[in-house]
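Read the structure below first, then the notes.
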Amino acid sequence: MAFVQFSQVSLAFGDRDILKNVTINLQAGTKAALTGANGTGKSTLIKVLAGLIKPDSGNRAVQKDCRIAYLPQSGLTHQGCTLMEEADKAFEFGYEMQKKIDELGEQQKVEQQAELIAKLEESGWHRRRASAEGVLIGLGFSREDFDRRTEEFSGGWQMRIALAKALMQNPDILLLDEPTNYLDIEARNWLEQFLQSYNGGFLLVSHDRYFLDVTINEVYELFNGTLKCYQGNFSKYEKVREVELKTLIAAYEQQQQEIQKLEDFINRFGYKATKAAQAQEYQKKLDKMERIEIPENLKKIYFKFPPAPHSGQLVLRMKDICKSYDGKRNVLENLELTLENGDRLVVAGRNGAGKSTLLRIISGHDADYSGEMIPGAGVKIGYFSQDNAETIKGSQTILEYLESEAPLELIPKLRDMLGAFLFRGDDVYKPLDVLSGGEKSRIALLQLLLSPVNLLVLDEPTNHLDLHSKDVLLQALKDFGGTVVFVSHDRGFIEQLATSVLELTPGKFKYFPGNYEYYMEQLLKAEQNAGDAVAVTKTSANANSASSSSETKTAAKLSWEEQKKAEAERRKKEKAVAKMEEEIQKLEEKKAELEAKLADPAVYSNGEKAKAVQTEIQKIAAELDAKTEEYFEMIQ
């Protein structure tokens, strides 16, 4: 069995330990995610695994002939040949193997030659054209693209080419650093299915919780340079890790309060002669204090939008909206849509179906269309797209820029909000002109969230956000008092937010009055019905049309009612889980309190008192074990 194994691997950049005695074993059948807060070194670890960075110490063992494919986050471009010619480069290993087979034949080394021939056949090399076509189409390329020059493709499609080549190699170990960044939801769905049936092993980094949940069965967390493995999908890891760190978080919060008190005293009395000595003692205590650290994704950050201005129940009515490019291709045709206050509408459809075009029309950024746009009373629109980033420039720092934009009541919360959007520590003092496109995009999104509007139009708001930032944004959007229309390729985000779906195909549209799960259910039913359809005469079809329509509506209604029931059960379970977490935390706090009491000389020197406290600790420990076991059963 092919494997890549690292033992006691360490790596430091300057005085910062990136990896400390890390051990990991990847082999055929491994389906793992690598997680950790931004900046912890996930990409570095993957490069070490790929052999691109040499560690300072430790052992790296790679089985002979084990093939590894690595995909970085970004930065790959291709040029000088057609798409299919570039795809064929992924099969270089086969060409080299064929050359070796020919050499062995000339040397009459029959056994070695036969062994290599079998290995080449097993690799699928002889079926490389069909394999290349399947992967390219799965990732969103069309057959017309096969003969296009690679330099004609944009940056996002360049990374799709790189991903396709990594998959086509059919390596023993796949190392994928954020492979979903440039994929639409259809391509993500295809990649999910590919990885689910993949025979080799893989380790991937992704900020898409749904994608992780359906592809992996173990999670490696990189935290403070150490690596720990958790069994199960990503959602299970998060729940287990949260329980595991309850005590650490409580200790962290207590230490933060103590630090704040010491710093306040030093700042207030450091220069007063009567208090200077005490202030110095406090400073020494601070300097010696071993700071508790917790992962950024476990620090609870929450914010609300400014109150949405009042608007009527009818937010927007669109009648007979038509949009074409060059007067030829109809992107939108006779589109009808009514938005009501509180709607969370996701616009779905393949690339090129007109999703971004529709959002620009709704937001007022595209007036080149026919039809009527009828806004409701008091509607105030806020619009976000990746293009917003281009307007952010100048010598102001990030903090100065947002302070000038934010309502007064939100200014004290800006540092936390910036932290939620991945600007931490001294990052907030970066000048706007030095920011990357992704950083500017996050600033543009945060800038919009500070504005008092009642209709948010969001085109891919989760791009450039990690899982924690998405969660913060998601909760804020759920609590938002207005209406939301959005496009996203993050299925988990869509499922949590959308209350209705508008599906676009070129020149057509279809509205689904339910959440994303309901929408997918209806698509599946439509596929099944199409597959089971039998030929009927036109007369028979007309005669049955009325009853068929009625049956369809009844089935849809039943499905919607079932969905509401399932949603109610899910909320009930979430409440029960939250209650159990609270009970476990109280027991842990009580146990810690008693253990601290046991360290008191007045208690441990008194045999009776000490015995009573120990008995109570044992009782609580037993109850804690029972509650924890019950909790894990609940979250299965």
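On the given criteria, is residue 360 closer than 26 Å to residue 515 by Cβ, open to solvent by less than 30 Å² (accessible area, probe 1.4 Å) and of a type in the set (Lys, Arg)?
No.
Report yes if residue 436 is of a type in the set (S, T, N, Q), under 19 Å from residue 464 (Cα atoms) and either open to solvent by 40 Å² or more (accessible area, probe 1.4 Å) or in contact (Cβ under 8 Å) with a residue 12 or more places away in the chain (or both), otherwise no.
yes
Among the residues of region 325-333, is there at least one that is touching a Leu at 6+ places or on another chain (Cβ under 6 Å), in contact (Cβ under 8 Å) with a residue 40 or more places away in the chain and either exposed (fewer than 14 other Cβ atoms within 10 Å of the Cβ) or assigned to a strand (DSSP E or B) (or both)?
No, region 325-333 contains no residue that is touching a Leu at 6+ places or on another chain (Cβ under 6 Å), in contact (Cβ under 8 Å) with a residue 40 or more places away in the chain and either exposed (fewer than 14 other Cβ atoms within 10 Å of the Cβ) or assigned to a strand (DSSP E or B) (or both).
Tell me which residues, restricted to region 364-389, are open to solvent by 20 Å² or more (accessible area, probe 1.4 Å) and within 28 Å of the chain's Cα centre (by Cα).
381, 383, 386, 387, 388
Just the residues that are within 23 Å of residue 513 (Cβ to Cβ) and polar (S, T, N, Q), please, taken from region 467-499.
Correct list: 483, 488, 496, 499.
Residue under question is residue 340, and the condition is that it be among the acidic types (Asp, Glu), open to solvent by 70 Å² or more (accessible area, probe 1.4 Å) and modelled with pLDDT of 90 or more; does it hold?
Yes.
Among (1) loosely packed, with under 11 Cβ neighbours inside 10 Å; (2) modelled with pLDDT under 70, there is one condition residue 604 misses while meeting the rest; what is its number?
(1)
May I ask you to list pairs of residues, at least six apart or on different chains, whose Cβ atoms are under 9 Å apart, with the first in region 44-63 being on the phi > 0 side of the Ramachandran plot and the second being open to solvent by 80 Å² or more (accessible area, probe 1.4 Å) and polar (S, T, N, Q)?
58/8; 58/21
Could you tell me which of the residues 477, 448 is touching a Phe, Trp or Tyr at 6+ places or on another chain (Cβ under 9 Å), closer than 24 Å to residue 343 by Cα and open to solvent by 10 Å² or more (accessible area, probe 1.4 Å)?
One residue alone meets the criteria, 448.
Taking region 195-243 as the region of interest, how many residues are free of Cβ contacts under 8 Å to residues at least 40 places away in the same chain, within 27 Å of residue 460 (Cβ to Cβ) and not in a helix (DSSP H, G or I)?
Counting residues in region 195-243 that are free of Cβ contacts under 8 Å to residues at least 40 places away in the same chain, within 27 Å of residue 460 (Cβ to Cβ) and not in a helix (DSSP H, G or I) gives 1.
Tally time: how many residues in region 160-175 are open to solvent by 20 Å² or more (accessible area, probe 1.4 Å) and modelled with pLDDT under 95?
Residues meeting the conditions: 3.
Would you mention how many residues in region 346-391 are over 21 Å from residue 305 (Cβ atoms), in contact with a Phe, Trp or Tyr (Cβ under 8 Å, 6 or more places away or on another chain) and small (Gly, Ala, Ser)?
Within region 346-391, residues that are over 21 Å from residue 305 (Cβ atoms), in contact with a Phe, Trp or Tyr (Cβ under 8 Å, 6 or more places away or on another chain) and small (Gly, Ala, Ser) number 1.
Among the numbered criteria (1) open to solvent by 10 Å² or more (accessible area, probe 1.4 Å); (2) at pLDDT below 85; (3) in contact with a helix residue (DSSP H, G or I) (Cβ under 6 Å, 6 or more places away or on another chain); (4) within 18 Å of residue 389 (Cα to Cα), which single criterion is violated by residue 468?
Single failed check for residue 468: (4).
Could you pull out every one of the strands (runs of 3 or more DSSP E) wholly within region 1-65 that has 3 or more residues that are under 27 Å from residue 424 (Cα atoms)?
Of the strands (runs of 3 or more DSSP E) lying wholly inside region 1-65, those with at least 3 residues that are under 27 Å from residue 424 (Cα atoms) span 3-13, 16-27, 31-35.
If the Cβ limit is 6 Å and pairs must be 6+ apart or interchain, which residue in region 576-595 that is closer than 18 Å to residue 253 by Cα and open to solvent by 60 Å² or more (accessible area, probe 1.4 Å) pairs with which residue that is part of a helix (DSSP H, G or I) and not basic (Lys, Arg)?
Taking only residues 6 or more apart or on different chains, the pairs are 590/620.
When region 291-324 is examined, which residues are found to be surrounded by 17 or more Cβ atoms within 10 Å (Cβ to Cβ), assigned to a loop (DSSP other than H, G, I, E, B) and modelled with pLDDT of 85 or more?
The answer is 308, 311.
Can you name the residue in region 200-226 that is touching a helix residue (DSSP H, G or I) at 6+ places or on another chain (Cβ under 8 Å) and among the hydroxyl-bearing types (Ser, Thr, Tyr) and is also surrounded by the fewest Cβ atoms within 10 Å (Cβ to Cβ) among such residues?
The residue in question is 210.
Out of the residues in region 607-636 that are open to solvent by 70 Å² or more (accessible area, probe 1.4 Å) and farther than 30 Å from residue 239 by Cβ, which is modelled with the highest pLDDT?
Result: 615.
Looking at region 142-158, is at least one residue over 31 Å from the mean Cα position of the chain (by Cα) and in a helix (DSSP H, G or I)?
So far as region 142-158 goes, yes, one or more of its residues are over 31 Å from the mean Cα position of the chain (by Cα) and in a helix (DSSP H, G or I).
Looking at region 176-198 only, could you name the residues that are of a type in the set (S, T, N, Q) and at pLDDT 90 or above?
The answer is 180, 189, 193, 196, 197.
Scan region 251-286 residue by residue and report those that are surrounded by 14 or more Cβ atoms within 10 Å (Cβ to Cβ) and modelled with pLDDT under 75.
Result: 269, 270, 275.
What's the total number of residues in region 605-620 that are over 21 Å from residue 583 (Cα atoms) and charged (D, E, K, R)?
Looking only at that region, the number is 3.
For (1) open to solvent by 20 Å² or more (accessible area, probe 1.4 Å); (2) of a type outside the set (S, T, N, Q), each residue gets a yes or a no:
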| position | (1), (2) |
| --- | --- |
| 391 | yes, no |
| 398 | no, yes |
| 405 | yes, yes |
| 408 | yes, yes |
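In region 42-89, which residue that is open to solvent by 40 Å² or more (accessible area, probe 1.4 Å) and acidic (Asp, Glu) is farthest from residue 135 (Cα to Cα)?
So the residue we want is 56.
The values are calculated or read from the model by the stated rules, or taken from the named source; none is laboratory data. Please read all numbers here as calculations on a predicted model, not as lab measurements. For neighbour counting, all protein chains shown are included, and Cβ atoms are generated from backbone atoms with ideal geometry for every residue, glycine included. The area values use the complete protein model at the heavy-atom level, side chains included, leaving out ligands, DNA and RNA. Shrake-Rupley method; radii C 1.70, N 1.55, O 1.52, S 1.80 Å.
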